[in-house]
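The next block holds one structure in the form of structure tokens; read it before the comments.
The values are calculated or read from the model by the stated rules, or taken from the named source; none is laboratory data. Note that the structure is predicted; figures quoted are calculated from it, not measured. Cβ placement follows ideal geometry from the backbone for every residue including glycine, while neighbour counts extend to all protein chains displayed.
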Amino acid sequence: MSITSSIQALTDADRLTLFALMAQTRAFQETLLLNRRKIPGPLLVAMGQEAVSAGSFLALHKAGILESSIKAPDHRIMFGASIAMDVLSPKEPLLSRDLMRNFLVRAAGGNRGRDGNQHWGALSRRIMPFMCSDMSVNAMIAVGYAEELRRREWSGLPEGERPVGVVFFGDGAAQQGIVHEGMNWVAASNFRRTPHELMLLRGKWLDEVTRELSVVRGAPVIFIINNNSRACFTDPGDSYGASDLARRAQGYAHMIGVDVDGTDPEAMYRETAEAIVRAQHLESTLIVAHNYRLSGHNADQTIYKEGALERRDFFDVERIFGLSDVAEFHEAVTRDPVTGLWSSTLRERKVASREKLDDILASERAQMDALFADVLSEPKITVSKDAEDRSVFPSFPPAHEPEEGAPTERMGYNKAFAWILGKLLREDARTVYFGEDIANSEGGVLALTKGVFSEFGPARVFNAAISEEMIVASAAGRALAGGKPLFEFQFGSFWWDAARIFAHAIAPNWFLKKMEYGLIAIAPCGVVHGGGSGHFHEDWPERFLAPMRGIVVVAPADAYEVVGLMRAAHEFKGPVVVLLQSAAASLPDFFSLVPETSYSIPLGEAHVAHEGADVTVVTYGAACVAAAKNEAGVLAKEGISLEVVNLRTVYPWDTKTIIASVQKTGRCVIFHEDYVGDGIGEQLAGALSGDVKFLSYVKTPHIPVVGASTPFSVTDLDLAWERFPYEREKTEHGVRHRSSKLAAAVRGLIHFS
């Protein structure tokens with residue numbers, strides 16, 4: 001692969017374009033600084049770093065893939081990203097106008113005033129929105145987006161037209177664990193198969209790109225560290241021992257690391273252009289762009305000398321908080337790409353005179369001042385306008401019943417999961433399934449996917465590293481690219497390693513930015529086999545997921561619900577966590593007839609699994625629903641009529657069905673496998689207690705919650721089974737679930753009233 005010969009050399013016109021890009025980016029920031037008091041929230045500028053965005057975006061433009069590639073700017077690069085798109089590939093509406101609206105929280109802005117400053121993006125132009133303040137998270141989600149570009153857009157394209165992913169983050173963010181996970185993920189995705197390994201695939205799952213590059217999946221990603229020499233107040237020594245960041249790339253397969261002068265836009269262009277060619281051959285590059293932030297971390301940390309702002313002399317500073325060496329700052333000013341280094345280079349090369357360059361900067365300043373004034377005159381977001389839509393996830397898809405008279409098959413829990421997964425993969429080319437140890441003939445540790453890998457192969461069903469945070473990040477990026485990723489935590493408890501991505505990026509961003517994360521997380525929960533696997537394998541995560549307000553949580557109770565809820569989750573445009581009962585597998589309590597034709601179960605609606613008149617039992621999860629239904633049959637012999645309400649959707653819970661049931665029974669028990677004290681039961685009881693109708697119907701002063709007796713699972717079998725709210729009873733037909741604890745709570749309510 002010849003790289004240098006394929007790179008377009010810059011003309012003098014291109015070099016002047018680089019200056020114009022940087023001048024416009026600088027003018028945007030200066031206008032914000034001059035109007036600081038009119039801008040809510042923090043103001044983080046990128047003075048001195050404009051060359052990084054100008055050079056890299058021009059490289060994408062000259063390669064002809066600026067629009068098609070995914071760009072994930074960090075907060076310093078976002079200014080230059082919007083400007084570069086407007087200048088190099090202008091389209092209405094201008095992105096710089098929308099970014100300005102975001103700073104001024106205008107109603108017409110993409111975020112509608114809910115998330116300000118650089119927390120912006122334009123997915124329609126493949127600029128990754130700024131999802132959270134963890135810049136490493138934003139960058140690694142873009143890795144998943146790039147994977148989806150390779151999977152669904154590369155086939156049939158000449159190699160020079162293949163879109164790639166360019167992700168930016170700072171030297172501070174580069175020290176976070178997810179960056180290592182992401183680079184390792186890219187290395188694994190770009191793994192070269194041997195001729196023997198490809199032969200074993202027998203051409204069954206090989207597209208033309210795999211045949212060319214010997215890579216089954218592929219992540220065409222360029223990492224750019226915007227190394228501005230310090231974090232908020234922390235210098236490189238304290239942050240990462242002043243290590244050689246570019247050399248870190250040597251530890252990852254098919255990745256090289258390069259250092260570049262981040263104040264030289266032509267050097268940035270050249271290195272990015274070469275990195276693009278490598279990425280189009282599924283070889284990654286880590287570019288460390290060295291520059292200097294000519295301001296405080298936050299603009300308010302820069303103290304200017306008297307009259308400096310009026311003169312637009314933004315380097316005439318008296319003090320910068322966190323910077324002890326002001327002389328170092330003034331030396332860096334001489335290398336400023338706008339007023340110093342690049343300007344001098346252009347004059348020396350006779351590309352432009354000082355007067356021409358000054359005129360360009362003055363013109364950009366006037367345009368940005370005018371843009372600010374124009375946007376400032378636009379309507380600001382109002383409380384009443386905001387209140388028109390405060391949904392936290394997209395609307396639910398309509399449910400559909402199976403065809404009348406459709407043939408059915410009696411299935412077990414796990415077989416139903418593998419069956420519907422196979423159908424979704426066949427029906428929808430966007431769908432992939434991945435996780436830890438799932439791509440094998442056994443179907444993974446819990447045998448959930450038996451037979452699926454052998455049918456669909458390693459491009460669509462594949463193993464992932466033990467990197468839960470990166471598993472979720474990749475899925476999030478794929479979803480934003482229009483894919484439909486399903487991924488499996490080996491055990492539900494493992495979700496904790498990815499909790500911040502759920503909490504910071506996925507859950508809030510329908511409300512904030514109307515971002516559609518159409519992903520499905522599979523979380524096997526509860527007792528494993530006969531018990532004794534302990535806290536790290538048997539926990540239930542819903543008590544933490546529900547308060548995030550933005551994640552739909554479902555818990556299928558039997559094979560019929562596994563199929564119906566999985567299809568509903570697949571048709572939904574938002575994120576869903578599916579809580580599967582680990583031990584359900586092939587136990588008789590969880591078998592049911594499954595129609596062979598398509599059907600879905602409505603999200604957000606509970607189901608009355610057993611009708612009764614005396615006590616309402618609200619429950620979810622396969623084991624608890626089975627135990628409640630079985631206990632209803634036993635209690636009926638005592639003259640107690642139990643109504644079992646199976647939530648199906650744990651969040652958002654269906655209080656309407658619950659209240660309708662309690663209107664009939666006057667009594668309510670909440671029954672789940674999670675811990676009593678801070679589980680979903682207490683959250684749901686609090687929601688019900690705030691409803692006037694519920695309070696008028698219920699006859700008892702409290703709502704008993706029956707659940708696990710200790711906060712953590714344990715290993716000793718006797719202790720473990722005492723903890724659970726149900727027990728297993730052996731019968732001639734196999735294991736049957738019962739709950740003496742539930743029965744006692746029900747009898748207590750009956751005797752009370």
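Strands (runs of 3 or more DSSP E) fully within the stretch 454-530 that include at least 2 residues being at pLDDT 95 or above, crowded, with 22+ Cβ neighbours inside 10 Å and over 11 Å from the mean Cα position of the chain (by Cα): 484-488, 520-525. Here the condition is being in contact with an Asp or Glu (Cβ under 8 Å, 6 or more places away or on another chain) and either assigned by TED's automatic domain parsing to the domain that holds residue 146 or surrounded by fewer than 24 Cβ atoms within 10 Å (Cβ to Cβ) (or both); of 124, 53, 89, it holds for 89 alone.
For the residues 642, 545, the requirement of being outside the structural domain of residue 504 (by TED's automatic domain parsing) and either in contact (Cβ under 8 Å) with a residue 12 or more places away in the chain or surrounded by fewer than 23 Cβ atoms within 10 Å (Cβ to Cβ) (or both) singles out 642. Residues that are surrounded by 15 or more Cβ atoms within 10 Å (Cβ to Cβ) and assigned to a helix (DSSP H, G or I) within the stretch 350-375 comprise 357, 360, 361, 364, 365, 367, 368, 369, 371, 372, 375, listed in sequence order.
So that you can scan it fast, the table gives a plain yes or no per residue for (1) among the hydroxyl-bearing types (Ser, Thr, Tyr); (2) within 29 Å of residue 719 (Cβ to Cβ); (3) out of contact with any helix residue (DSSP H, G or I) (no Cβ under 7 Å at 6 or more places or on another chain):
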| residue | (1), (2), (3) |
| --- | --- |
| 540 | no, yes, no |
| 549 | no, no, yes |
| 556 | no, yes, no |
| 567 | no, no, no |
| 572 | no, no, yes |
| 575 | no, no, no |
| 579 | no, yes, no |
| 582 | yes, yes, yes |
| 590 | no, yes, no |
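Being modelled with pLDDT under 95 and either part of a helix (DSSP H, G or I) or crowded, with 23+ Cβ neighbours inside 10 Å (or both): is that true of residue 540 here? Yes, satisfied. All conditions in (1) at pLDDT below 95; (2) touching a helix residue (DSSP H, G or I) at 6+ places or on another chain (Cβ under 7 Å) hold for residue 2, with the sole exception of (2).
The set of residues in the stretch 196-228 that are assigned to a helix (DSSP H, G or I) and either more than 30 Å from residue 260 (Cα to Cα) or outside the structural domain of residue 140 (by TED's automatic domain parsing) (or both) comprises 196, 197, 198, 199, 200, 201, 208, 209, 210, 211, 212.
Within the stretch 487-515, the set of residues being touching a Pro at 6+ places or on another chain (Cβ under 9 Å) and free of Cβ contacts under 8 Å to residues at least 40 places away in the same chain comprises 514 only. Helices (runs of 4 or more DSSP H) fully within the stretch 1-118 that include at least 2 residues being touching a residue at least 24 places away in the same chain (Cβ under 8 Å) and of a type in the set (S, T, N, Q): 12-34, 50-62. Only a single criterion out of (1) buried (at least 16 other Cβ atoms within 10 Å of the Cβ); (2) under 30 Å from residue 173 (Cβ atoms); (3) not small (Gly, Ala, Ser) is not satisfied by residue 303, namely (1). Among residues that are outside the structural domain of residue 565 (by TED's automatic domain parsing), assigned to a helix (DSSP H, G or I), more than 30 Å from residue 600 (Cβ to Cβ) and without any contact (Cβ under 8 Å) to a residue 60 or more places away in the chain, residue 741 is included. Checking each residue in the stretch 92-116 for being charged (D, E, K, R), under 23 Å from the mean Cα position of the chain (by Cα) and either crowded, with 23+ Cβ neighbours inside 10 Å or on the phi > 0 side of the Ramachandran plot (or both) picks out 112, 115.
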